[in-house]
Structure formats: C-alpha cells, structure tokens
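*Asks:* Could you have a look at this structure, given as structure tokens, before my questions?
The values are calculated or read from the model by the stated rules, or taken from the named source; none is laboratory data. None of the values given here were measured: they were computed from a predicted structure. Neighbour counts run over all protein chains shown; Cβ positions are idealised from the backbone, glycine included. Side chains are part of the model used for accessible areas, which takes the heavy atoms of the whole protein and leaves out ligands, DNA and RNA. Shrake-Rupley method; radii C 1.70, N 1.55, O 1.52, S 1.80 Å.
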Amino acid sequence: MIDKINRLSSEIDNLKAAKAEEIETLRIKYLSKKGEISALMNDFRNVAAEQKREVGMKLNELKEKAQEKINRLKESLEDPQTGDSFIDLTRTAAPIALGTRHPLSIVKKEICNIFRRLGFSIAEGPEIEDDLHVFSSLNFAEDHPARDMQDTFFIARSPDILLRTHTSSVQTRVMEKQQPPIRIICPGRVYRNEAISYRAHCFFHQVEALYIDKGVSFADLKQALLFFAKEMFGADTKIRLRPSYFPFTEPSAEMDISCNICGGKGCPFCKHTGWVEILGCGMVDPNVLDNCGIDNKVYTGYALGMGIERITNLKYRVKDLRMFSENDKRFLEQFESAH
Ligand code: DAH
C-alpha cells in the first residue's frame, strides 16, 4: 500500500496538461469516486491495524497533493505567468504601457527650465482673483474692455471677484510681498470669455516672467528674449521686436521669431512673412511699481508673457486648440513620456 501511495505521489508531481480537458481527465483519473485515490481509500479497510495511522496520514497527504496540483494546473491555464508548467520563454516580452505627459506640460516645463537657467524661480498665484491684482494694480483704465463681462468671467461684482485673464496677476502678488531683486517665472491657467473654436478657448495657459532690480534695461530684456528663442526653437532662430501697447508696460513690444517651419523664407504658416508672433513684453510701467509698493525712482524691471498653447503649436503643429482639453488618448499618446 505504501509503495502504491509513493508511486502515485511521484506521478502527480510530474503531471502536465495544456488544456482544460486534459486537466479534467486527470482529475477524474485521480480524484473522482472511481479514481485511483478513491480506490486506495477503499483498500484502507484491509490495512493492518498497527499500520493504519501511518498509511492514513500518507493517504490524506496524497489526496491533498492531487487536489492542489489540479488547482495549480487550472490557474496556470488562466494566467500562464503563475503556473510552474507553462512559462513560454519564446514569447516576446509584453511592453509595459507608460503614460505620456500632456504636450502643454512638456512645453511649460521646457519654458520654465530655460528661464531657470537665467536665475528665475517659479511663483504661483490663485486662479480666482480680485480686480486689484488682475487689473487695477496693473494700470488698466477704469473703462478698459477687459473689465467687461464680455471678456472676463466674473464670479461676483462689487467687489469684483473673477477668474484671472492673465498670469500678470502673479506679478502684482509677488511685488506686494517682496522687495527687489525679483526674478520670477509664473506658469498657470487663465480664463477668458471666448466662444470655443479651433483657435480660441475659454481657458488656456500662460507663462509670465518678471525681473526687477536696480538698472534693469530694455537691453537686458532683449538678451533674455534672444536666449529664450534660441534655446526653445534652435540656435538659428532670429527675433524681432515690434512696438505694441499693454497697460502695465512702457515701452511695450511684441516679439516675433523667424518662422521655424520655412526658416524665414515665407510659407503659409507665417503667412509668407517669414515671422511668427510669440509673446508680449516691455519695461514694467513705473505706475505698476508704485501701485505695488516698489520705489520706481530706484528700481526698473522688465516683464514678458506668452501663451503655452501658442508655443506648443509652433513646436508640434497642433491645428485645433480643442485637442488639448479633450483627453483623446490617440492624440496624447503621440507625445513622449520621458520628460
Ligand atoms: N498679460 C498679457 C496678455 O495676457 C501678456 C503680457 C504682455 C505679459 C506683456 C507681460 C507683458 O508681462 O510685459 O496678453
């Protein structure tokens, strides 16, 4: 009897099955009522009394072992990795699907890193703001159109609480609390009351930079802009500044870069001008410094602000702005994850 148990035990150790039907056949062979183990159980009656203890234990062990083996074979069919019998070493490794970073996050990080190398540090502010920080301190006239419901989302009126329309509001918050030297870069989300289309959205993202110290000049601004453009779009990139107007800077300018598609020769993207506009900038208006408690006789500064979507479009040619907020994996998966 003991010999028979040992023989069945090693047979069970070596059982193999590749299909569910084969496992079922084995189960019937060993564990069913008419199976080999049941047959041994029946013979147990005839075992001599002094051997009954030892044989009984072995028999129970054998039954458990057979049950376990059958279970393991079944599991390995469901999940080939856990079973000990069917690891297919010839199978190609399943690649782990890594998520990808959102294109706007990639570009935001790149912009911030470039300015960080120039000594700027990140500053952030609230998205729900008051009139003072978004408009009044920044020298917006009482009747400026941005203060109109048509352009700005108001949460409450008098006192006005609103969704910030630009990240220039972070400038005023930092200047209020901190005396120069100030050298900050402010990335963030902004809101405007626009009809959503392929070229406009009611929310988008900006990065603002502000540098205030003794003797900061327009030449410093120009050098920072040139450095940024070359780092962001390649060493051959040229910049040009056009006079412009913003309430919070004087003088103000808009910066174009040589079109990075045609290299400045002219193409449909740059409307055959060879240039594309990328940001607004200027010397901080002395009124703004004064409004925020900074002595405008001692200090000067420059500021600049750009839309992250615009820079992203230039880098990746996303034709429809809405793609950025639709969470379509087919779109998002096209961007690298390693940033
Ligand atoms: N805040 C401006 C906008 O939303 C962008 C801007 C222009 C920011 C000029 C600046 C600046 O700091 O100097 O259109």
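*Asks:* Once you charge only the Cβ atoms, +1 for Lys and Arg and -1 for Asp and Glu, what is the size of the charge dipole of the chain about its Cα centre, to the nearest 20 debye?
*Replies:* Details: 48 positive and 49 negative charges, 247 e Å.
For the chain, the charge dipole is close to 1180 debye.
*Asks:* Hey, with R₀ at 22 Å, roughly what FRET efficiency would Ser10 and Asn42 work out to, going by the Cβ-Cβ distance, to 0.05?
*Replies:* Computed FRET efficiency for Ser10 and Asn42 comes out at 0.50.
*Asks:* Order of 59-66, 244-251, 140-147, 327-334 by packing, highest average Cβ count within 10 Å first?
*Replies:* Highest mean packing first, the order is 244-251, 59-66, 140-147, 327-334.
*Asks:* Can you give the charge dipole size of segment 1-82 about its Cα centre, rounded to the nearest 20 debye, using +1 on the beta carbon of Lys and Arg and -1 on the beta carbon of Asp and Glu?
*Replies:* Working: 17 positive and 16 negative charges, 62 e Å.
Roughly 300 debye for segment 1-82.
*Asks:* Between Tyr198 and Ala156, what length comes free when the chain is fully extended (0.36 nm per residue of separation minus the Cα-Cα distance, one decimal in nm)?
*Replies:* Going from the current span to full extension adds 12.2 nm.
*Asks:* Need the full-extension length gain, Met57 to Ala20, defined as separation in residues times 0.36 nm minus the C-alpha distance. One decimal, nm.
*Replies:* Extra length available between Met57 and Ala20 comes to 10.3 nm.
*Asks:* Can you give the helix-only mean residue ellipticity at 222 nm for the chain, where every DSSP H stretch with n ≥ 4 adds -39500 (n - 2.57) and the sum goes over all residues, rounded to the nearest 500 deg cm²/dmol?
*Replies:* -11000 deg cm²/dmol
*Asks:* For labels at Arg189 and Ser217 in the simple 7 Å Cα→Cβ model, what's the distance in nm?
*Replies:* 4.2
*Asks:* Could you compute the FRET efficiency for Glu176 and Ile96, with r as their C-beta to C-beta distance and R0 at 56 Å, rounded to 0.05? Don't skip to the end; give the middle numbers.
*Replies:* Values: r = 48 Å, r/R0 = 0.85.
E(calc), rounded to 0.05, equals 0.70.
*Asks:* Shifting gears a bit: Over the chain, what lengths in whole Å, largest first, do the semi-axes of the equivalent ellipsoid take, defined as the square roots of 5 times the eigenvalues of the alpha-carbon gyration tensor?
*Replies:* On the way: eigenvalues 1138, 111, 73 Å².
Equivalent ellipsoid of the chain: 75, 24, 19 Å, largest first.
*Asks:* Now for a separate question. Sort the following peptides by mean Cβ neighbour count (other Cβ atoms within 10 Å, averaged over residues), highest first: 28-35, 185-192.
*Replies:* Order by mean packing, descending: 185-192, 28-35.
*Asks:* Is there a quick way to get the dipole size of segment 193-339? I mean about its Cα centre, with the Cβ of Lys and Arg at +1 and of Asp and Glu at -1; what is the value in debye to the nearest 20?
*Replies:* Working: 17 positive and 19 negative charges, 130 e Å.
About 620 debye.
*Asks:* State which helices in the chain qualify, where a helix is a whole DSSP H run, it must extend 18 Å or more along its own axis by its Cα atoms, and its mean Kyte-Doolittle hydropathy must be at least 0.0.
*Replies:* Length and hydropathy pass: 103-117, 218-233.
*Asks:* Sticking with this one: In whole percent, how big is the carbon plus sulfur part of the accessible area of segment 55-202, probe 1.4 Å, protein atoms only?
*Replies:* Details: 4440 of 8570 Å².
Within segment 55-202, the accessible surface is 52 percent carbon and sulfur.
*Asks:* Let me ask another. Return one whole number: the accessible area per residue of the chain in Å², for a 1.4 Å probe.
*Replies:* Computed with neighbouring chains in place, this is 57 Å² per residue.
*Asks:* Using a simple spin-label model with points 7 Å from Cα along the Cα→Cβ vector, what separation in nm is obtained for Gln67 and Lys315?
*Replies:* 6.1
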